[in-house]
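Peer 1: Sharing a structure here in structure tokens format.
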Amino acid sequence: MVKMSIGAAFSETFAFLRANWMQMLIWVGGAMLVVGLLGYLLLGSTFTALAMAPNDPTIMMGAFGKIGLFGLIAMVILYAACMLIWRGGLHPGEAPNFGWALQAGPAFAFGMLVVFIAAYIVIFIVMLIFGLIFGAALGGMGGFGGGGMNAGAVGGGALVIGAILYIALIVFMLWVQGRFIVAGPVMADRLTRNPITGLSESWKLTQASQWIIVGFYLIFTILMVVYGFVVGMIFGAILGGLAGGSVGAAIVAMVISAAVIYLPILMLSFSMPVGVYRALGARSSGDVFA
């Protein structure tokens, strides 16, 4: 196992982005276009019916069913696009395999969903134990007469420990994300539909660098938040002034803002798992991104 460096992860991430930004635009743009068209076809009449009869339970149930179906279809399309981006970047020049992507993308999403459900169950158990321990401590203090000061001390200690626990839970979720961060690229590199292969291989690859990956992921997230905040303020002020109250101009301003703010973040988010994968020493036919 290769021990990753944060510098290498950033370098590989931006190398992948530079080499595959056009491919990302094509697949993400195409996926969003298809999802938008399907949304209009599936949900357009549904929202109209809801607006005309907002209190009709039959229409509401039908609307929830259609929204759920649309969400499932959108997930399949978007994750398939993600798989096509990773496979195309790791194996440049290879023809797109749509059949594989439409199966591997949802399989990867389901595998990650199971992982995070398990993580949240662990968090729930820890929080439950914490609540029981301090609930019993406070109850015990109340049982000893004149224990108001002691109870207050226990309560203050509970707040401090609660804050520490909250930070620990955030670190835990970052750690979980870090251990499985390359599951998708593994599936794309090996052209497999089995999420267990991706998850198990990611667990092995990240073993030696797990806390470095947590640090990288944290720095990366902070930088993306700062970028979104700063650029959002700048373009929000500029485009808000240009819109001048016009509905059409406001829509154009929203599209430009999304393109300038969220599209780069999305593209970097697609590039980051492959950047980590390559920084961990993984090798494929796309050894040098082209």
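The values are calculated or read from the model by the stated rules, or taken from the named source; none is laboratory data. Just so it is clear, the model here is predicted, and its values are computed rather than measured. Using ideal geometry, Cβ is built from the backbone for each residue, glycine included, and neighbour counts are taken over all protein chains shown. Areas reflect the complete protein model, heavy atoms only, side chains present, ligands, DNA and RNA absent. Shrake-Rupley method; radii C 1.70, N 1.55, O 1.52, S 1.80 Å.
Peer 1: Obtain the nm distance between the two label points defined at T197 and I121 by a simple spin-label model: each point lies 7 Å from its Cα along the Cα-to-C-beta direction.
Peer 2: Between T197 and I121, the label points sit 2.6 nm apart.
Peer 1: Determine how large the accessible area of Y217 is when every protein chain is in place; take a 1.4 Å probe and give Å² rounded to the nearest 10.
Peer 2: Its accessible surface works out to 50 Å², give or take rounding.
Peer 1: Using θ = phi - 60° and the Karplus form 6.51 cos²θ - 1.76 cosθ + 1.60, what ³J(HN,Hα) does each residue of the range 34-41 get, whole Hz, x for Gly and Pro?
Peer 2: My calculation for the range 34-41 gives 5, 4, x, 5, 5, x, 5, 6 Hz in order.
Peer 1: I've got another one for you. Each label point is 7 Å from the Cα along the Cα-to-Cβ direction; what then is the distance between the points at L165 and I73, in nm?
Peer 2: That separation, rounded to one decimal, is 4.5 nm.
Peer 1: For the range 73-85, in order, what is each residue's ³J(HN,Hα) by Karplus, 6.51 cos²θ - 1.76 cosθ + 1.60 with θ = phi - 60°, in whole Hz (x at glycine and Pro)?
Peer 2: Once rounded to whole Hz, the list reads 5, 4, 4, 4, 5, 5, 6, 5, 4, 4, 5, 5, 5.
Peer 1: Right, something else. Show me the ranking of peptides 221-230, 95-104, 185-194 by mean Cβ neighbours inside 10 Å, starting with the highest.
Peer 2: Ranking the peptides 221-230, 95-104, 185-194 by packing returns 185-194, 95-104, 221-230.
Peer 1: Please report, to one decimal in angstroms, the Kirkwood hydrodynamic radius of the range 159-234 built from all distinct Cα-Cα pairs.
Peer 2: Computed over the range 159-234, the radius equals 14.2 Å.
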